[in-house]
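Input: one structure, supplied below.
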Amino acid sequence: EALRAGVPLVATAVGGLPELVGDAAVLVPPGDVDEVDAAVRGLLDDPARRADLARRGAARAADWPTEADTLAQLAALYAELAPDVAGPATPGADTPSTGRR
């Protein structure tokens with residue numbers, strides 16, 4: 001989400017995250033609070049680095065599925081796996097509205 005929004009990211013280097021974000025984020029070791037602190041402070045002190053990471057992140061995330069794409073894929077998978085209990089096509093469609101937000 002941060003990359004898609006063009007927000008510089010500091011994240012822990014766990015799981016598949018390093019492969020996902022590549023050079024578009026500052027990665028720190030998991031559990032190392034001092035490294036997180038240093039990375040965030042480093043970005044706060046370096047506007048050019050923040051701008052560079054923002055550009056890299058937005059470019060990297062540009063071809064990722066949107067939230068709507070992901071929800072549609074997940075709904076299709078659920079419908080395929082459990083067609084008899086899929087529920088309404090639109091969440092909340094069978095719920096009466098009060099007219100209030």
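Considering only residues that are assigned to a loop (DSSP other than H, G, I, E, B), among the acidic types (Asp, Glu) and at pLDDT 95 or above, look in the stretch 20-78 and name the one that is nearest to the chain's Cα centre (by Cα).
Taking the candidates together, the pick is ASP32.
Next question, about the same structure. Within the stretch 34-52, identify whether any single residue is closer than 15 Å to ALA2 by Cα and among the acidic types (Asp, Glu), and answer yes or no.
yes
Could you tell me whether ALA61 is aliphatic (A, V, I, L, M), in contact with a helix residue (DSSP H, G or I) (Cβ under 7 Å, 6 or more places away or on another chain) and surrounded by 16 or more Cβ atoms within 10 Å (Cβ to Cβ)?
Working: aliphatic (A, V, I, L, M): yes; in contact with a helix residue (DSSP H, G or I) (Cβ under 7 Å, 6 or more places away or on another chain): no; surrounded by 16 or more Cβ atoms within 10 Å (Cβ to Cβ): yes.
Criteria not met by ALA61.
Further question: Right, ASP94: modelled with pLDDT under 90, assigned to a loop (DSSP other than H, G, I, E, B) and either β-branched (Val, Ile, Thr) or at negative phi (or both) or not?
On the way: modelled with pLDDT under 90: yes; assigned to a loop (DSSP other than H, G, I, E, B): yes; either β-branched (Val, Ile, Thr) or at negative phi (or both): yes.
So ASP94 fits the description; yes.
For the stretch 18-52, name all the residues that are loosely packed, with under 12 Cβ neighbours inside 10 Å and either among the aliphatic types (A, V, I, L, M) or closer than 23 Å to TRP64 by Cα (or both).
Selection gives GLU19, VAL33, LEU44, ALA48.
The values are calculated or read from the model by the stated rules, or taken from the named source; none is laboratory data. What you are looking at is a predicted structure, and each value in this text was computed from that prediction instead of being measured. Methodologically, a virtual Cβ is constructed for each residue, glycine included, from the backbone with ideal geometry; neighbour enumeration extends over all protein chains shown.
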